[in-house]
Amino acid sequence: MALLPRKDVVIVGYGAAAGPVSLELARAGQSVVALEAGAHRTAATDFHRGSLDTLRWRTRREMIDGRRMALTFRNAQSEVAAPWNGIYAMASTVGGSSVHWSGQSWRFYADDFRVKSALEERYGRSGRLAHLRADHAALEDWPITYDEVEPFYEKVEYALGIGGWPGNLGGRIRPVHPHEGNPYEAPRKRDFPYRPLRDNATDLVFREGALARGLQPFHVPTGVSMDGAWASTEGVRRPGCTYCSFCTGFGCWNDSKTSTLSALLPAAQQLPHFELRPHCYVTRINHRDGRAVSVSYRNENGVEHEQPGDVFILGAYSFQNVRLLLHSGIDGNGQIGKYFINRATTNLHAIFGHRLLNGWNGPSVQRQGVDDYNGENAMEQKLQLPPEQFFVRGAFIGSPSQRVPLESYDLHPPDVPSWGAAYKRFMSENLNRYMGLQLLTEAMPYEDCTLDLDPNYSDEYGMPYCRVTRSVKQNERRMAHFIWDRAKELVEAAGATKVWGERSATAIASSTHDLGGARMGTDPTKSATNRYGQLWSTPNLFVTGGALMPSLGGHNPTQTIWMLSYWLADALLQRKVRLDDSMAYT
Amino acid sequence: MKPTRRTLLKLVGAGAAAVVLTQLDARAPLPAPGARLVALTPHEAAMVEAIGARIWPGSPSDPGAREAGTVRYIDLALAGALAEHLDTYRRALRELDAASRAQHRAPFAALDDSEQDALLGALSLGHLASVREGPAFFGLVRTHTLEGLFADPLHGGNRDLAGWRAVGYPGPFYAIGPDEQQRSDESELPYRSLDDL
């Protein structure tokens, strides 16, 4: 095994989570190496000519390395898990899943950070939370507040470039555009640096339906540039979006979509102390006496290397961070792998017989949505429900585009056969009149929903697969029914002539929002890390990314992942943490 | 009754017969000009093509999977990205053909449409006991046929953009304007493939 020169900071993975912290630390003069398992694909070499190819990137998932997709799945702790290969996130490439994300970019609600307290305040005395207790829900407040992290959310918006209409600017609701912006967003001190994408036909129809239902639709904030006039605080100027339909699941052909690759790496590469090493697959964290001393990795030829350092930051995907910790014998008092959360899936399909939508005609993130049923925004309505239908939290409902035929051939209703003349007729007549809604349910963490090492499956280096145990329970089932019915009302108000879908909630291994597993907290007996992601058990070892999050939120998590990475960088640079004592932060 | 090669010859004048036959003779595979099979045997390819033609049927005025050359996509993919499925294809096609010979005393590709539909329906529901993993195999052929229909022609199928034309998808584009994005009239946009960009 080759022993390499020591670095100040060793970062495992170079995706969304690793981008900000590696840039900030290298800029402060620390020697930083980022070890990325994937290849270094770029717009110039991989995402340009010939890359608008759905078969290549979406169907065959070229950016997702099958050897690294080491997941098994089961619904209950008593079951034997089976390999699961339906993953659409976890890209193995420089920039990670931020390269092929959709670009929907949000701040979490202020109450998301105190989700347990907020629910106790609203419902604690009424007995409405009994079903959560019965199912052993493991809700906990985050160890940080929205006010503390607000500056870091803003930093993401200006360093990576997030466009939107302000919904709440210092308490003023929709102060810039009276009919645009999420009126429920947490108060922001500063407007977005630019506006979101335009609306296409699908968005306009969705908007009509939402307004007819008395809701407050808005174009979702996007990490996709509206035009090329704006330059980030990192000095990166990205061209404007051209509205091609090759966005979610793709690297962007013109870099108009922000990512760790397109927005942060150009700045990092200017720094003498930053080194990016692609094709390096970390297989073990070597530790002694409660301190990490090095990581072992395989390069693209399978040759093992050992990289020593002073500070170690795990910035890979949630599954991989947890798997690596457990495989390295770091179980954090049994807290590593607990409280895994992802979306309970449910779906709604609609046909607009009298309206051509041409759902293929823009990126997925060109999307209107409503937050009227998200968080506790629909509390009054929910309190009218009979107790056996009551649920907490809610869902974002949106209208994605990017409906190309290669990804749409299974979108026919159950009364249409799946092959033959009737199938062909239905697809020919209706594909351009189709709208499928995004229902972003906020599922709960539970005591029995976990990540651990699978005892039966391991990869070519002997690393056991990450075993996902996840089920939906009463709250998810009730939420799915309620949200599905509201979404149906919305599309019918917009003129849908046929509506169908899966009204029940289903658990899957990966919903692309796969959070928890190394929960941040205030109590070492109930969490894996402190408020900065510093492991209680191993103070020079940090986790950043979705694995830290105690709750799922009703919004896409990527902006919060970037925010937590800036939050960690600040803690290290301002010496808010001590590398010999994870209890000693200021 | 379906037109056969014989009845067609009777129906049309001799001069037009050759043209009509190349378009309508549903029993002859239609490989792309100059294309050679790389994974499947000619007999297997004829079966895969016949199955595709029942999944997404076609006619001269309304091309289907056969006319779109999805068998070419599948043949290439089974030699490359989908090679892991070649053994399944080989075994299941052999078993399906045996079931066809047992029921109809004819190979599958020679059956008429309704006979093929009946066999495929039984296959997809797991009612053909002689084909192991019948529903899984049918799901595989269906998926691969539709991939061949809707993937860019550079992968071997979707000939003349027949798959995209059938559903009104104009193909990839680098940029699109607001009027095109918001329009609701039924006129078709120009069709193009990656090769045209």
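Annotations
- Cβ separations smaller than 9 Å between residues 6+ apart or across chains give no pair from the range A:181-207 residues that are at the interface with chain B (Cβ under 9 Å from one of its Cβ atoms) and over 19 Å from A:SER401 (Cα atoms) to residues that are among the hydrophobic types (A, V, I, L, M, F, W, C) and surrounded by 18 or more Cβ atoms within 10 Å (Cβ to Cβ).
- Looking only at the range B:138-169, and only at residues there that are in a loop (DSSP other than H, G, I, E, B) and more than 8 Å from chain A (Cβ to nearest Cβ), the one that is nearest to A:TRP360 (Cα to Cα): B:ASN158
- Evaluation of A:SER510 against (1) part of a loop (DSSP other than H, G, I, E, B); (2) surrounded by fewer than 18 Cβ atoms within 10 Å (Cβ to Cβ); (3) of a type in the set (Ser, Thr, Tyr) (one fails), failing number: (2)
- Filter result for the condition that a residue is surrounded by fewer than 16 Cβ atoms within 10 Å (Cβ to Cβ) and more than 30 Å from B:GLU95 (Cα to Cα), over B:ASP152, B:ASP179, B:ASP113: B:ASP179
- Scope the range A:234-286; condition part of a loop (DSSP other than H, G, I, E, B), over 23 Å from A:SER102 (Cβ atoms) and in contact (Cβ under 8 Å) with a residue 40 or more places away in the chain; matching residues: A:LEU271, A:HIS273, A:PRO278, A:HIS279, A:CYS280
- Residue in the range A:368-376 that is within 14 Å of chain B (Cβ to nearest Cβ) and either among the charged types (D, E, K, R) or part of a helix (DSSP H, G or I) (or both) present: no
- Filter result for A:TRP567 (outside any loop (DSSP other than H, G, I, E, B), under 12 Å from the mean Cα position of the chain (by Cα) and either at positive phi or not basic (Lys, Arg) (or both)): no
- Restricting the range A:405-418 to residues that are surrounded by fewer than 23 Cβ atoms within 10 Å (Cβ to Cβ) and facing chain B (nearest Cβ under 9 Å), the residue that is nearest to A:GLY103 (Cα to Cα): A:GLU407
- Residue within the range A:353-363 that is over 27 Å from B:ALA151 (Cα atoms) and either of a type in the set (S, T, N, Q) or assigned to a loop (DSSP other than H, G, I, E, B) (or both) present: yes
- Test: B:GLU186 is within 7 Å of chain A (Cβ to nearest Cβ), at pLDDT 95 or above and within 25 Å of B:SER61 (Cα to Cα): no
- Scanning the range A:377-404 for residues that are surrounded by fewer than 24 Cβ atoms within 10 Å (Cβ to Cβ), within 14 Å of another protein chain (Cβ to nearest Cβ) and farther than 29 Å from B:GLY148 by Cβ gives no hits.
- Meets criteria (hydrophobic (A, V, I, L, M, F, W, C) and either under 9 Å from the mean Cα position of the chain (by Cα) or within 13 Å of another protein chain (Cβ to nearest Cβ) (or both)) for B:ALA68: yes
- Of the residues making up the range A:69-79, at least one is assigned to a loop (DSSP other than H, G, I, E, B), modelled with pLDDT under 95 and not small (Gly, Ala, Ser).
- Test: B:VAL131 is more than 10 Å from chain A (Cβ to nearest Cβ), surrounded by 18 or more Cβ atoms within 10 Å (Cβ to Cβ) and touching a residue at least 24 places away in the same chain (Cβ under 8 Å): yes
- Residues of the range A:117-172 that are farther than 18 Å from A:ALA443 by Cα, over 23 Å from the mean Cα position of the chain (by Cα) and part of a loop (DSSP other than H, G, I, E, B): A:GLY127, A:GLY170, A:GLY171.
- Selection within the range B:62-89 - assigned to a loop (DSSP other than H, G, I, E, B), among the small types (Gly, Ala, Ser) and more than 14 Å from B:ILE51 (Cα to Cα): B:ALA79, B:GLY80, B:ALA81
- Total residues in the range A:344-366 satisfying the condition of being buried (at least 22 other Cβ atoms within 10 Å of the Cβ) and within 13 Å of chain B (Cβ to nearest Cβ): the figure is 9.
- Selection within the range A:62-78: residues that are surrounded by fewer than 21 Cβ atoms within 10 Å (Cβ to Cβ) and either among the hydroxyl-bearing types (Ser, Thr, Tyr) or in contact (Cβ under 8 Å) with a residue 40 or more places away in the chain (or both). The member of this set that is nearest to the other protein chains (Cβ to nearest Cβ) is A:ARG67.
- Conditions (1) touching a residue at least 24 places away in the same chain (Cβ under 8 Å); (2) out of contact with any Phe, Trp or Tyr (no Cβ under 7 Å at 6 or more places or on another chain); (3) among the aliphatic types (A, V, I, L, M); number of the one not met by A:ALA584: (1)
- The lone exception for A:GLN307 - which of (1) more than 24 Å from A:LEU23 (Cα to Cα); (2) crowded, with 21+ Cβ neighbours inside 10 Å it fails: (1)
- Filtered residues of the range A:6-35 (kept if in a loop (DSSP other than H, G, I, E, B) and in contact with a Ser or Thr (Cβ under 9 Å, 6 or more places away or on another chain)): A:ARG6, A:TYR14, A:GLY15, A:ALA16, A:ALA17
- Taking the range A:230-257 as the range and being among the hydroxyl-bearing types (Ser, Thr, Tyr) and more than 14 Å from chain B (Cβ to nearest Cβ) as the test, the residues that pass are A:SER232, A:THR233, A:THR248.
- Scan of the range B:40-52 for residues that are assigned to a helix (DSSP H, G or I) and either away from every other protein chain (no Cβ under 11 Å) or surrounded by fewer than 23 Cβ atoms within 10 Å (Cβ to Cβ) (or both), ordered by number: B:PRO42, B:HIS43, B:GLU44, B:ALA45, B:ALA46, B:MET47, B:VAL48, B:GLU49, B:ALA50
- Sub-6 Å Cβ pairs linking a first residue in the range B:165-192 that is over 23 Å from A:LEU197 (Cβ atoms) to a second residue that is assigned to a loop (DSSP other than H, G, I, E, B) and among the small types (Gly, Ala, Ser), at least 6 apart or interchain, are B:TYR191/B:GLY171; B:ARG192/B:GLY171, ordered by first then second residue.
- Residue that is modelled with pLDDT of 55 or more and surrounded by fewer than 23 Cβ atoms within 10 Å (Cβ to Cβ), where the choices are B:ALA35, B:ALA28, B:ALA65: B:ALA35
- Total residues in the range A:420-439, condition part of a helix (DSSP H, G or I), of a type in the set (S, T, N, Q) and more than 8 Å from every other protein chain (Cβ to nearest Cβ): 1
- Every test in (1) over 19 Å from A:HIS555 (Cα atoms); (2) not in a loop (DSSP other than H, G, I, E, B) is passed by A:GLY214 save one, and that test is (2).
- Test: A:GLU62 is more than 30 Å from A:TYR446 (Cβ to Cβ), part of a helix (DSSP H, G or I) and among the acidic types (Asp, Glu): no
The values are calculated or read from the model by the stated rules, or taken from the named source; none is laboratory data. The structure displayed is predicted, hence computed values, not measured ones. FYI the Cβ positions are ideal-geometry reconstructions off the backbone, even for glycines, and counts take in every protein chain you see.
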